[in-house]
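Student: Please read through the structure below; I'll follow up with questions.
The values are calculated or read from the model by the stated rules, or taken from the named source; none is laboratory data. This structure is a prediction, so every number in the text was calculated from the model and none was measured. FYI the Cβ positions are ideal-geometry reconstructions off the backbone, even for glycines, and counts take in every protein chain you see. To get the accessible areas, we keep the full protein, side chains included, count just its heavy atoms, and leave off ligands, DNA and RNA. Shrake-Rupley method; radii C 1.70, N 1.55, O 1.52, S 1.80 Å.
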Amino acid sequence: MRRRAFLTAAAFAVAGSAIAPRPATAAAPVGLSSMTRDARPISREERVARIGKLQRLMGEQGVGAMIMESGSSLEYFTGVQWRRSERTTAAVIPAKGEVVLVTPAFEEPSVRETLAVGGEVRPWNEHESPFTVLAGALRDRGAGAGKLAFEDTTRLYIVDGVRATAPALSIVSGTALVRACRLIKSPTELALMQTANDVTLAALRHVHANARPGMSPGEIGALMNSATVALGGSPEFSLVLINEASAYPHGSKQPQTLRDGSVILMDVGCTVHGYQSDISRTWVMGSPTAKQRKVWDTVKRGQEIALAAARLGVAVGTIDDAVRAYYEKEGWGPGYKLPGLSHRTGHGIGLDGHEPPYLVHGDATPLEAGMCFSDEPGIYIPGEFGIRLEDCWRMTEAGPKLFTPLAKSIDDPI
């Protein structure tokens, strides 16, 4: 499930929140053209190298194979883009040998369309057990006994089905194995994320210039999605929070309408060849109050403090600690209490909108070059308004580097 999929599905029916999983769009905007024509997708060679690294790590840890059902990790390693349902589609990635992809027989032609690494496809018919087919693939790849790892989002019924069919196997977590491959982004991944962020920022600029009193969150979201499509991106989410709804990070059921003096908080993103952007901007329709201006400036300073705390080798959770210490001095909190910052300072990002590691107190993951994060230390005042500013950044040997420049001011917010 893509990030915020549950949220957007639930919020589509209410006026104060986000759009549907299949985003609504307004009329095609004039004057915008594609920014993604030269975007280069992940190559077959890069995916093969990813599998090779995973196999090497499995061999070092005595793991015979990994099972990975449809989702972002399956896409990462094999290119297969497939939705989850009650019918199992999963790959066996052995420590040695080719990948075996198991899928319903009637879905095989569709699944093959995105399989980018070769290997074998073993279909199963409706009256057959996919777990028997998976167990057979494990045996044929020399992994019918010993340690079998599962990718960490694999659903329990698949784990149980394989365990029952192949009781000689010892089930272990594949989380560390997958994370060791996905944490550090390649130059191609970084380029795709840069393009996605460029598209989203340009679309936000279009919305900012065209938002008008009387508009609903749904209308503003549709305007955002139309601009994103025109710019060559695939809309992933458009969370639009107006007035008091902006005080709640993921919205309110209460209807909201844009008017003079409204706080407008937009949290938006798109994908380019699967890789995601995530940007938040907050501004006021008309003239901001002194309090709104002060809170906006405090949030921007929080963003700057997060970046200043990002140094190679530090535990990523200490970045959150640095922001929270500043906020507490300014009278917010303490800790995660409201009014203040009730959520983490940021999250990893890549193929998934939310990936580990996380900029949250206690995450001890050492910061390395090639890791990518959001920087979004909002402040929320229940019953009044909230301010969130968010830009994504990547760690380099020379320090953090932003994908998009920080907003300048509440008067120049994009």
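Student: Would you calculate, for the chain, the mean residue ellipticity at 222 nm contributed by helices, counting each DSSP H stretch of 4 or more residues as -39,500 (n - 2.57) and dividing by all residues, to the nearest 500?
Tutor: Working: 11 runs with 136 residues, N = 414.
Helices in the chain give a 222 nm mean residue ellipticity of -10500 deg cm²/dmol.
Student: Share of the chain's accessible area from carbon and sulfur, percent, 1.4 Å?
Tutor: Carbon and sulfur: 54 percent of the exposed surface of the chain.
Student: Determine the sum of side-chain charges near Met68: Lys and Arg each +1, Asp and Glu each -1, restricted to other residues whose C-beta is under 11 angstrom from that of Met68. Walk me through the numbers before you get to the answer.
Tutor: Details: positive: none; negative: Glu69, Glu75, Glu151, Asp152.
Taking every Cβ under 11 Å from that of Met68, the sum is -4.
Student: For a distance above 15 Å, tell me the whole-number percent of Cα pairs in the range 331-414 that qualify.
Tutor: The calculated P(r) of the range 331-414 puts 64 percent of pairs beyond 15 Å.
Student: State the label only: which of [x] 72, 54, 43; [y] 69, 46, 38; [z] 60, 44, 38 corresponds to Cα extents along the principal axes in Å computed from the shown model?
Tutor: [y]
Student: A follow-up question, please. Could you pull the Cα extents of the range 253-333 along its three principal axes, largest to smallest, in whole Å?
Tutor: 47, 42, 23
Student: Continuing with this model, one more query. Across the chain, how many lysine pairs, 8 or more apart or on two chains, come within less than 15 Å at their alpha-carbon atoms?
Tutor: The number of close lysine pairs in the chain is 9.
Student: Using alpha carbon coordinates only, what is the Rg to Rh ratio of the range 210-285, with Rh defined as the Kirkwood radius?
Tutor: Ratio value, two decimals: 0.98.
Student: Using a 1.4 Å probe, what is the accessible area per residue for the chain, in Å²?
Tutor: Working: 16700 Å² over 414 residues.
Heavy-atom accessible area per residue stands at 40 Å².
Student: Which one, His206, His127, His273, has the greatest fluctuation when you compute a Gaussian network model over the chain with C-alpha springs under 10 angstrom?
Tutor: Result for the chain, Cα springs under 10 Å: His127 fluctuates most.
Student: So what is the relative contact order for the range 169-279, in percent, with contacts set as C-alpha pairs under 8 Å and at least six apart?
Tutor: About 32 percent, as a whole number.
Student: Of all DSSP beta bridges located in the chain, what percent are antiparallel, nearest 5?
Tutor: The antiparallel fraction comes to roughly 75 percent.
Student: Continuing with the same structure: Under a Cβ-Cβ cut-off of 11 Å, what is the net charge of the residues other than His361 that fall near it, where Lys and Arg count +1 and Asp and Glu count -1? If you can, show how the numbers build up before the last one.
Tutor: Working: positive: Arg324, Arg344; negative: Asp320, Asp321, Asp363.
Net local charge, His361 excluded: -1.
Student: If Lys and Arg each add +1 and Asp and Glu each add -1, what is the summed charge of the other residues whose beta carbon sits under 9 Å from the beta carbon of Gly346?
Tutor: Around Gly346, the charge tally is -3.
Student: Once you've got the GNM for the chain with C-alpha springs shorter than 10 Å, pick whichever of Gly144, Gly31, Gly118 has the biggest mean-square fluctuation.
Tutor: Gly31
Student: Continuing with this model, one more query. Relative contact order of the range 100-164, please, whole-number percent, based on alpha carbon pairs below 8 angstrom and at least 6 residues apart.
Tutor: Working: 47 pairs, mean separation 19.7, N = 65.
It rounds to 30 percent for the range 100-164.
Student: Diagonalise the Cα gyration tensor of the range 139-295 and give the resulting equivalent ellipsoid semi-axes, square root of 5 times each eigenvalue, largest first, whole Å.
Tutor: Output for the range 139-295: semi-axes of 45, 19, 14 Å.
Student: Which log10 I(q)/I(0) values does the range 287-390 give at q = 0.21, 0.24 Å⁻¹ under the Debye formula, counting every alpha carbon as one identical point scatterer?
Tutor: -1.03, -1.27
Student: Tell me the trypsin sites (Lys or Arg not before Pro) within the range 134-193 that lie in a loop according to DSSP and have at most 15 other beta-carbon atoms within 10 Å.
Tutor: Answer in residue order: Arg155.
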